[in-house]
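A quick write-up on the structure given underneath.
Every read-out reported here was derived from the displayed coordinates using simple, explicitly stated rules and does not represent laboratory data. Predicted model only: the values in this text are computed from it and were never measured. All Cβ positions, glycine included, derive from the backbone under ideal geometry; neighbour counts span all protein chains shown.
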Amino acid sequence: MTELVATYIARPDGGQDLAAVLAACADIMKPDRIEQLAADEAADVFFRTDDHLGTVRARLLTIASQHRTDVVVQPVAGRRKKLLLADMDSTMIGQECIDELADFAGVKRGVATITERAMHGEIEFEEALRERAALFAGLDAAVITRVIAERITVSPGARDLVWTMRASGATTILVSGGFTAFAEPVGEMIGFDEVRANTLLVADGRVTARSLNRSSAAPPSWPRSRMRSSAANSAPAKPWRLATAPTMWR
């Protein structure tokens, strides 16, 4: 028999949904044990089965959907992850930073055109990066701080995910095809260990027409950034209990 764990996740106000799905699981799966990860929000259900993992997942997803919850099913063996790589734009945050900066700078249409060309494969990433950077040439670099303060919002659950992974000993890295001027403050807000992004070059307080593409210019092993120390005081007030290894959410 294979030992599996099904992690059920409810909405923050979905305590009744979580209780209902756990009761259904207890009747159907005969679990070895159920452990709460976050009160009324998430719980692990440990069980053993001879069924194929795909079959079990399909069955439990059906149960979860009936109770307005999500579920992640995986083998207990190898469950603990040591690395989290997370995209920034429209993932860890709710916005696309370059689009928000372009709106402030009055070049949103130009940036959108470049993005569309890149998405269609008409230009390579490096060229698209250079063209975007050129549109911001001469912009007061302080505008970036305004964009972060006024436009950027952290996605629900992002901090919990990062701090749960870090508490289990994992390294957490925020990656972006955009610029460090956004990625580093965002990484600090959320609590990432490290950040990987491109550098938008600034001279005399204004953005230049140049950027440094770190994906091609950086050495194979970059020094660890300052995220770990500067974010140490921003852990969530209610981190998830780690009686067991945390799940890597989809």
Next item on the list: Would you please list the contacts, defined by Cβ atoms under 7 Å and residues six or more apart or on different chains, that run from a residue in the stretch 129-150 that is under 27 Å from MET119 (Cα atoms) to a residue that is part of a helix (DSSP H, G or I) and among the β-branched types (Val, Ile, Thr)?
Entry: GLU131/ILE114; ARG132/ILE98; ARG132/VAL111; ARG132/ILE114; LEU135/VAL111
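Regarding VAL111, is this residue of a type in the set (A, V, I, L, M) and surrounded by fewer than 20 Cβ atoms within 10 Å (Cβ to Cβ)? Quick ask: steps written out before the conclusion?
Details: of a type in the set (A, V, I, L, M): yes; surrounded by fewer than 20 Cβ atoms within 10 Å (Cβ to Cβ): no.
For VAL111, the condition - of a type in the set (A, V, I, L, M) and surrounded by fewer than 20 Cβ atoms within 10 Å (Cβ to Cβ) - is not met.
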Next item on the list: Kindly indicate which of ASP17, ASP50, ASP40, ASP13 is surrounded by 13 or more Cβ atoms within 10 Å (Cβ to Cβ), out of contact with any Lys or Arg (no Cβ under 8 Å at 6 or more places or on another chain) and of a type in the set (Asp, Glu).
Entry: ASP40
Notebook entry, point to check: Got a number for residues in the stretch 1-19 being in a helix (DSSP H, G or I) and either acidic (Asp, Glu) or more than 18 Å from VAL72 (Cβ to Cβ) (or both)?
Noted result: 4
Next item on the list: Would you list the helices (runs of 4 or more DSSP H) that sit entirely within the stretch 89-156 and hold 1 or more residues that are hydroxyl-bearing (Ser, Thr, Tyr), out of contact with any Asp or Glu (no Cβ under 6 Å at 6 or more places or on another chain) and closer than 18 Å to LEU201 by Cβ?
Entry: 142-151
Next item on the list: Kindly indicate whether any position in the stretch 80-91 is crowded, with 18+ Cβ neighbours inside 10 Å, farther than 23 Å from VAL175 by Cβ and not charged (D, E, K, R).
Entry: no
